[in-house]
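S.K.: Dumping the structure here so I can ask a few things about it.
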Amino acid sequence: MKVVILAGGLGTRLAPETETIPKPMVEIGGRPILWHIMMHYYQYGFSDFVIALGYKGEVIKKYMVDYCHLEGNITVDFQSKTVAKDKSDQPNWKVQLVETGLSTNTGGRIKRISPYIGNEPFLLTWGDGVSNVNLHELIAFHRAHGKLATLTAVRPPARFGHLELEGHKITNFAEKLQSKEGWINGAFFVLEPDVFNYIAGDNTLFEKEPLETLAQEGELMAYYHESFWQCMDTVKDKKKLEELWASGNAPWKTWEEKQKLLHYSAPKMAEKSKLLVN
């Protein structure tokens with residue numbers, strides 16, 4: 001399964017961070033958030049990426065080229081004038097960087113990458129959100145229900161204090177629990193190729209007509225994710241992610257236990273998919 005990441009938006013709410021770089025290149029812990037997202041997918045065995053570029057796409061291209069050639073240990077032999085790269089120091093990725101237009105909407109970007117997907121199901125997410133969603137369970141759920149599209153439904157981060165009132169008197173004040181919020185689209189989609197037919201063109205916003213129509217036709221399913229999810233829409237969001245990373249307990253950093261997660265057996269995945277759909 002290929003992983004499509006939309007990385008072409010302007011990211012205006014993250015200014016001034018995004019005045020010189022695209023939003024997916026804004027760093028958390030010294031690495032672009034795009035890298036964090038890709039590492040999470042790679043943790044689950046997905047290494048074939050298609051990145052839909054737009055605003056300042058050349059910055060992402062340069063990063064990927066430099067990361068491929070300069071990351072990790074390098075041996076420079078001045079006598080033979082050769083450079084040897086220690087390939088064990090970097091992930092085994094294949095990354096296709098596709099120009100999808102400067103002002104193209106999300107649906108249009110997805111439509112434009114269709115030639116790189118073929119007639120196969122694929123994974124899709126935004127280039128500005130991290131999560132510890134279990135991708136194996138997500139895919140098992142999608143395969144079990146047999147519909148065209150699955151999105152990961154998440155609780156929006158609680159932002160305000162919760163007040164209990166009797167008239168003007170506050171009887172209780174507490175941080176609002178995330179579990180009290182409703183469900184929202186957290187991206188981390190699994191999509192069948194027929195979804196491309198629901199997108200008219202460059203001006204189509206994927207979150208509008210395509211998803212609305214899929215929902216009306218009963219072809220859109222929600223995989224409920226109760227654990228960590230966080231988008232990076234604002235400077236405040238970035239600061240929160242930075243603090244979590246600096247604490248050494250970033251919830252989305254799943255790739256330290258790679259071997260454990262990559263050894264799901266087929267029977268266990270099949271059994272989980274039945275439970276999830278029911």
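S.K.: Whose amide H sits under 5 Å from the amide H of Q96, counting only residues 5 or more places off or on another chain, with H placed in the peptide plane?
M.R.: F49, V50, I51
S.K.: Which entries of K23/K61; K56/K81; K56/K94; K111/K236; K61/K111 have Cα-Cα distances beyond 24 Å here?
M.R.: On the way: K23/K61 14 Å; K56/K81 34 Å; K56/K94 21 Å; K111/K236 32 Å; K61/K111 21 Å.
Among K23/K61; K56/K81; K56/K94; K111/K236; K61/K111, the Cα-Cα distance tops 24 Å for K56/K81; K111/K236.
S.K.: Mind giving me the FRET efficiency for E120 and Q90? R0 is 22 Å, r the Cβ-Cβ distance, nearest 0.05 is fine.
M.R.: Values: r = 26 Å, r/R0 = 1.18.
That gives a FRET efficiency of 0.25.
S.K.: Could you please rank K56, K208, K253, K111, placing first whichever residue has the fewest other Cβ atoms within 10 Å of its Cβ?
M.R.: Details: K56 21, K208 12, K253 18, K111 24.
Result, fewest neighbours first: K208, K253, K56, K111.
S.K.: Okay, moving on. Using the basic label-point model (7 angstrom from Cα toward the beta carbon), what is the V83 to D48 distance in nanometres?
M.R.: About 2.9 nm separates the two model spin labels.
S.K.: Taking other Cβ within 10 Å of each residue's Cβ, how do S247, S114 sort, fewest first?
M.R.: S247, S114
S.K.: Further, regarding this structure: Could you give each residue of region 190-207 its phi-based ³J(HN,Hα) in whole Hz, using Karplus coefficients 6.51, -1.76, 1.60 with θ = phi - 60°, and x for Gly or Pro?
M.R.: Each residue of region 190-207 in turn: 10, 10, 8, x, 5, 4, 4, 5, 8, 10, 6, x, 4, 7, 6, 8, 4, 6 Hz.
Just so you know, all these numbers are worked out from the coordinates, no wet-lab data involved. It should be emphasised that the depicted structure is a prediction, and the values quoted were computed from it without experimental measurement. In this analysis, Cβ positions are derived from the backbone assuming ideal geometry, glycine residues included, and neighbour counts consider all displayed protein chains.
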